[in-house]
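The values are calculated or read from the model by the stated rules, or taken from the named source; none is laboratory data. Only a predicted model underlies this, so the values are computations on that prediction, with no experimental measurement involved. FYI the Cβ positions are ideal-geometry reconstructions off the backbone, even for glycines, and counts take in every protein chain you see. Just the protein is used for accessible areas: all its heavy atoms, side chains included, with ligands, DNA and RNA removed. Shrake-Rupley method; radii C 1.70, N 1.55, O 1.52, S 1.80 Å.
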Amino acid sequence: MKIKAKLASIFLTAGVVVLFSLAALARPASRPQEQGTTETKTVQKDKKQKAERSPGKEIGKGGEDVGKGAGKGAESLGKGAGGAAGNLVTLHPGAAGADLGKGAAGAGKDVGVGTGKGAAKIGKGTGKGIGKLG
């Protein structure tokens with residue numbers, strides 16, 4: 001009985017070794033070579049190239065620009081409203097209306113610019129992300 005148990009464990013061990021070795025042999029022995037010549041590789045290393053942002057960072061920067069635009073717009077609106085309130089207190093309704101209009105226009109401009117820049121960066125980052133999927 002002892003001999004049969006030893007033979008069974010030997011065959012089992014040999015089978016496991018063969019299974020694992022087949023998996024190791026299934027991979028290619030050498031790594032695939034990159035396309036391009038050595039000249040182009042050295043030229044690329046010599047040039048100082050600006051590293052592009054990843055898609056996630058690009059989208060994040062877009063959100064940052066949208067936030068900056070909203071902040072600047074709120075600041076403009078606050079300045080205009082503050083100036084208008086001061087002019088109303090001093091009984092200058094014409095100047096109050098002008099200040100309020102300037103504040104609202106500045107807010108619209110700042111929010112529009114920030115949103116435009118942000119949306120462009122978000123679109124660029126999304127395009128890069130989708131490109132990496134394919």
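General remarks:
- Failed condition for GLY112, given (1) in contact with a helix residue (DSSP H, G or I) (Cβ under 6 Å, 6 or more places away or on another chain); (2) at pLDDT 90 or above: (1)
- Pair list, Cβ < 7 Å and 6+ apart or interchain, from segment 64-80 residues that are under 15 Å from ILE122 (Cβ atoms) to residues that are open to solvent by less than 40 Å² (accessible area, probe 1.4 Å) and of a type in the set (A, V, I, L, M, F, W, C): none
- Within segment 107-131, tally of residues that are out of contact with any Ser or Thr (no Cβ under 9 Å at 6 or more places or on another chain) and either open to solvent by less than 50 Å² (accessible area, probe 1.4 Å) or on the phi > 0 side of the Ramachandran plot (or both): 6
- Entry remark, segment 61-106: residues being surrounded by fewer than 19 Cβ atoms within 10 Å (Cβ to Cβ) and hydroxyl-bearing (Ser, Thr, Tyr) number 1 in total.
- Qualifying residue in segment 41-53 (condition: open to solvent by less than 60 Å² (accessible area, probe 1.4 Å), more than 30 Å from GLY125 (Cβ to Cβ) and either modelled with pLDDT under 90 or of a type in the set (Phe, Trp, Tyr) (or both)): no
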